[in-house]
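The values are calculated or read from the model by the stated rules, or taken from the named source; none is laboratory data. Keep in mind that what you see is a predicted model, and the values were worked out from it rather than measured. Positions of Cβ are backbone-derived with ideal geometry, glycine not excepted, and every protein chain shown enters the neighbour counts.
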Amino acid sequence: MIPKLGIGGAEIQVLEFIKHLDRSRFTISLLTLTAGLKEMESEASQYLEAFEVVGFRRRRLPVSFVKMVAWLRRGRFDVLHCHLPLADLLGRPAGRLAGIPVIVTTEHGRNTWKPWYYLVAERMLNHITDLRICVSQDVLEIRRRREGTPPSKLVRIPNGVDAERFRRPGRDRAEVMKEQGWQPEDFLVVSVGRLEPEKNYPVLIQAVAGLTARHPRVRCLLVGDGGLKGELTAMVKSLGLDGVVRLAGRRDDIPEILGAADVFVLASSKEGLPVSLLEAMAAGKAVVVTAVGGMPEVIRTGENGIVVPPGDSAALGAAMERLIEDSGARAKMGNLASAEAARDFDIDRVAGDVGALYARIHASKRRQPEAG
C-alpha cells in the first residue's frame, strides 16, 4: 500500500520490489490511495494479482477508509506492507480491522522529524505494527528514540537497485551531451531528485557557479520535477548559468543520463537512503554527497566518493573540483562504488530479505495460538 505510484525514490523502490519479489512464493496485490503515473501503474500491473485505487479524498475520509478495509478483507491477505506516511497512518488500522495477521511498514525517511501529533499517532500504531523496515541506520535510530518503537520491531534493510540495468545504458555519452547542446569533452555533473527544498539544489547551483571561472567546461544537469522549478530556473538565469546548468525535468532515461555523467552529486539537507545515489553507484560514478541521513553510512570519503557538510557550497565545490582535476581518483571511486552497489544493494537480495521476514513473522503468528 502506497499513496500513489509516481516519480520519487520510495515509489520507484516499491515498483522495483513488486517486480523482484519471488513470485514462486508470493502473490502480490497493490492498493494506492490515488491514481499515479499510468506508465508505472501499467508496468506494476504485469506482476500483480490485483490492483485497486481507493480514490482517497480527505473530506471523504470515512468513506475511503471503509472502502479500504473492505478491499483488504476481501483479499484475505497474509501481509500488509505500507509505504510513506499517509499509507502508514491509514493502512495499519485498516489492515488490523481487515484481519490481516502481519503488518509491516518501510520507513523511507520522508517526514523524518514529525510534528508532535504525528508522534502520538506513531506511538499508538506501534502496538499494531509487527515490523518497521528502515532504509538506513539513521532512520532506524530516529524511529527508536523519537517515536518509541521497540528495537524488536525495527530492522535495517537498505533500498535496492537493479545494478545490471545501470551498467549497460542504451545510448552513449556523445548522444546525451548533444541532446543538451553540449560537447562530449565537457565535464558533466548530474543530480537526480525531486525539485523540493530538502534536495537543496540552490547550494549545488552556487557550487557550480563558483567552479565556472576555473573550469569553463563544467556542465550540470538537474533531473526531476517539483515545486521549486520556477525558483531554480530564475536562480540559474540570475547567476548567468544559462547553458551551464539545465533543468531536464522528469526523464525516463536515467541509466543513459547517469552513463554520460562524470560525477553524481546530491546536496540534500534531508535524506533517507536515496535510490538515485544507489543508481549512480551502480552506474560506476564517483559521487559527492552531504552528510545527512543514510548517505554517510554508504559513502566513504576518498574510497567510493566524497562526503561534505550540508549547506556548504564551498565544500561541495571543492569536492567537485577535486574530481574534475583527478580522473584517476574519479575512476577508482566509481569502480568501487559499482562493485558495492552490486554486492550490497542488489534488488533481488533486498526483495529476498524482505520476503524472508514476511515468511518468518507470518509463521510465528500461526504458531502463537498453539503455544497458548
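Do you know which of the residues in segment 265-293 that are at pLDDT below 95 and charged (D, E, K, R) is nearest to the chain's Cα centre (by Cα)? Among them, the one singled out is 271. Suppose the filter is part of a helix (DSSP H, G or I) and either outside the structural domain of residue 324 (by TED's automatic domain parsing) or under 21 Å from the mean Cα position of the chain (by Cα) (or both); does residue 125 pass it? Criteria met by residue 125.
Just one of the listed residues (331, 319, 283, 260) is assigned by TED's automatic domain parsing to the domain that holds residue 209, surrounded by fewer than 21 Cβ atoms within 10 Å (Cβ to Cβ) and aliphatic (A, V, I, L, M), and it is 331.
Checked against (1) touching a residue at least 12 places away in the same chain (Cβ under 8 Å); (2) surrounded by fewer than 21 Cβ atoms within 10 Å (Cβ to Cβ), residue 184 passes all but a single condition, namely (1).
Every listed requirement among (1) in contact with a Lys or Arg (Cβ under 9 Å, 6 or more places away or on another chain); (2) more than 26 Å from residue 347 (Cα to Cα); (3) assigned to a loop (DSSP other than H, G, I, E, B) is met by residue 270 save one, (2). Here is a check on your reading of the model: is residue 43 of a type outside the set (S, T, N, Q), at pLDDT 95 or above and more than 20 Å from the chain's Cα centre (by Cα)? Criteria not met by residue 43.
The set of residues in segment 131-153 that are among the acidic types (Asp, Glu) and surrounded by fewer than 20 Cβ atoms within 10 Å (Cβ to Cβ) comprises 141, 147. Looking across segment 329-372, the residues that are in contact (Cβ under 8 Å) with a residue 12 or more places away in the chain and outside any helix (DSSP H, G or I) come down to 345, 346.
Among the residues of segment 242-267, those identified as out of contact with any Pro (no Cβ under 8 Å at 6 or more places or on another chain) and part of a strand (DSSP E or B) are 245, 246, 247, 248, 249, 263, 264, 265. In this entry, residue 297 is excluded by the filter for residues that are charged (D, E, K, R), buried (at least 24 other Cβ atoms within 10 Å of the Cβ) and closer than 16 Å to residue 109 by Cβ.
When residue 224 is tested against (1) touching a Gly at 6+ places or on another chain (Cβ under 7 Å); (2) of a type outside the set (Asp, Glu); (3) within 23 Å of residue 325 (Cα to Cα), just one condition goes unmet, and that condition is (3). May I ask you to verify whether residue 12 is aliphatic (A, V, I, L, M), within 17 Å of the chain's Cα centre (by Cα) and assigned to a helix (DSSP H, G or I)? It is true that residue 12 is aliphatic (A, V, I, L, M), within 17 Å of the chain's Cα centre (by Cα) and assigned to a helix (DSSP H, G or I).
Scanning segment 74-90 for residues that are buried (at least 21 other Cβ atoms within 10 Å of the Cβ) and closer than 16 Å to residue 108 by Cα yields 81, 82, 83, 84, 87, 88.
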